[in-house]
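Beneath this line is the structure, given in structure tokens, with notes to follow.
The values are calculated or read from the model by the stated rules, or taken from the named source; none is laboratory data. Note that this is a predicted model, so its numbers are computed, not measured. Glycine gets a Cβ as well: all are built from the backbone with ideal geometry, and neighbour counts include every protein chain shown.
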Amino acid sequence: MCLGVPGQLVEWVDREHHICKVDVSGVRRNINVGLLADGDDAVDVGDWVLIHVGFAMSKIDEEEAQLALASLQMMGEAFTAEVEALMSSRTSSP
């Protein structure tokens, strides 16, 4: 099953390569935000995103993020597996 996991951007690691540190339920991990680097959905620290395998796929608001987290936590094993996939994913950085 492929899920998008909500996370909040907490700091820029490498702006040039679009790498941010994100907090997902207390776990911090570097992700690639290149898909959301420009335009109306450009992200910055404090923004919430849906993450899949180390990439931010879409920008969401905090209410949507909290609802998604609650739903994922109710799913139990699927949520745990997706967070583990996020933690084991590798993003390229210089």
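Quick check on VAL13: is it at pLDDT 95 or above, over 16 Å from SER88 (Cα atoms), in a strand (DSSP E or B) and aliphatic (A, V, I, L, M)? It would help to see each step written out before you state the result.
Numbers: at pLDDT 95 or above: yes; over 16 Å from SER88 (Cα atoms): yes; in a strand (DSSP E or B): yes; aliphatic (A, V, I, L, M): yes.
Yes; evaluated as a whole, the condition is true for this residue.
Filter the stretch 24-72 for residues that are part of a loop (DSSP other than H, G, I, E, B) and of a type in the set (Val, Ile, Thr); which is surrounded by the fewest Cβ atoms within 10 Å (Cβ to Cβ)?
Step one: filter the stretch 24-72 for residues part of a loop (DSSP other than H, G, I, E, B), giving 25-26, 33, 37-47, 53-54, 61.
Among the residues that remain, those that are also of a type in the set (Val, Ile, Thr) are: 33, 43, 45, 53.
Working: VAL33: 26, VAL43: 19, VAL45: 11, VAL53: 17.
Top of the filtered list is VAL45.
Which of the residues that make up the stretch 1-10 are modelled with pLDDT of 95 or more and either β-branched (Val, Ile, Thr) or out of contact with any strand residue (DSSP E or B) (no Cβ under 7 Å at 6 or more places or on another chain) (or both)?
VAL10
Name the pairs whose Cβ atoms lie under 6 Å apart, with the first residue in the stretch 25-41 and at pLDDT below 90, the second surrounded by 15 or more Cβ atoms within 10 Å (Cβ to Cβ) and part of a strand (DSSP E or B), and 6 or more positions between them or separate chains?
Between residues of the stretch 25-41 that are at pLDDT below 90 and residues that are surrounded by 15 or more Cβ atoms within 10 Å (Cβ to Cβ) and part of a strand (DSSP E or B), the close pairs are ASP41/LYS59.
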